[in-house]
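None of the figures in this text is laboratory data; all of them are computed from the coordinates on show. Please read these numbers as outputs of a predicted model, since none were measured by experiment. Heads up, the Cβs are rebuilt from the backbone with ideal geometry, glycines too, and the neighbour counts pull from every protein chain shown.
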Amino acid sequence: MNSSFTLRVAPSILSADFGALSAAIDQVAPEVEWLHVDVMDGHFVPNLTIGPPVVESLRKHSDLFFDTHLMITEPARYLEAFARAGSNGCTVHVEVGETADLIAQMKDLGLRAGVALNPDTPFEAVEPFLDRLDLVLCMTVFPGFGGQSFMAEVLDKVRRVRQAVDERGLDVDVEVDGGIDVHTIVPCVEAGASTFVSGSAVFGHDDPDQAIRDLMAAATGAAR
């Protein structure tokens with residue numbers, strides 16, 4: 001296939017050493033433009049991670065694009081805090097509802113606006129909002145914990161998002177997150193994804209920089 005969109009890997013700090021996040025980010029910074037920041041509230045998903053204070057601290061050490069994924073029940077309460085902390089884009093889950101209002105709030109805050117869909121959420125849930133979005137995230141695992149296995153059945157939904165985006169001539173990143181490695185990234189590219197969140201395959205590697213180069217090589221090869 002011929003790709004007309006920019007391919008990028010966004011390492012997820014969920015899989016990094018939380019005791020040395022700044023060092024982990026510095027290590028991968030030469031290879032990437034985006035950093036994926038997973039925010040979990042222990043309610044929407046059964047895990048707790050980080051909040052705006054950590055994003056603010058990391059912003060002082062990094063100029064990367066912070067792609068902040070809000071796996072939380074009440075994102076409207078926290079979007080302003082994440083914007084002030086240094087997030088460049090936020091992605092909210094369509095499953096929490098009030099999607100149109102959340103998109104408008106993100107735009108008003110100067111954030112790139114994203115909407116995420118769980119593996120069992122259909123394309124139709126995001127379709128009405130495509131022309132207002134900067135990013136659609138198709139989860140290829142159920143959110144909550146890193147290191148899960150890739151769910152290939154989500155690829156049909158990725159294809160539908162890509163088809164709709166292209167048919168409407170929209171500038172929308174199609175992102176996938178969950179179980180992305182040098183093998184699973186290939187069918188994701190072929191389905192039309194452009195941004196690939198990878199945690200364990202990057203930060204669980206002995207050489208995270210090389211892991212990113214390997215992922216990009218696999219993606220680029222699949223896009224030809």
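I'm a student and want to see the number: the projected area of the Cα convex hull of segment 62-149, averaged over all directions, in nm².
6.1 nm²
Pop out the Kirkwood hydrodynamic radius of segment 136-180 from its pairwise C-alpha distances, inverse of mean 1/r, in Å to one decimal.
By the Kirkwood definition, the hydrodynamic radius is 11.1 Å.
What residues have an amide H closer than 5 Å to that of A116, excluding those fewer than 5 places away on the same chain, when H is modeled at 1.01 Å from N in the peptide plane?
Amide H neighbours of A116, under 5 Å, 5+ apart: V92, H93, V94, L137.
D131 to Q210: extension gain in nm, 0.36 nm per residue of separation minus the Cα-Cα distance?
Contour length minus the Cα-Cα distance gives 24.8 nm.
Each residue of segment 152-168 in turn: what ³J(HN,Hα) in whole Hz from Karplus with 6.51, -1.76, 1.60 and θ = phi - 60°, glycine and Pro shown as x?
Using θ = phi - 60°, the values come out as 5, 5, 6, 4, 4, 5, 4, 4, 5, 4, 4, 4, 5, 4, 5, 4, 8 Hz.
Treating only the Cα positions of the chain as identical point scatterers, give the base-10 log of I(q)/I(0) from the Debye formula at each q in 0.11 Å⁻¹.
-0.47
Select from G110, T195, F150 the residue farthest towards the positive end of the dipole of segment 8-223; place +1 on Cβ of Lys and Arg, -1 on Cβ of Asp and Glu, and compute about the Cα centre.
Farthest along the dipole direction, towards plus: G110.
Calculate one ³J(HN,Hα) per residue across segment 63-73 by plugging θ = phi - 60° into the Karplus curve 6.51 cos²θ - 1.76 cosθ + 1.60, and present them in order as whole Hz with x for glycine and proline.
The phi angles translate into 9, 5, 6, 8, 8, 9, 9, 8, 8, 9, 6 Hz.
Starting from the amide H of D173, placed 1.01 Å from N in the peptide plane, find each other amide H under 5 Å away whose residue is 5 or more places distant or on another chain.
Distant-sequence amide H within range of D173: L135, V136.
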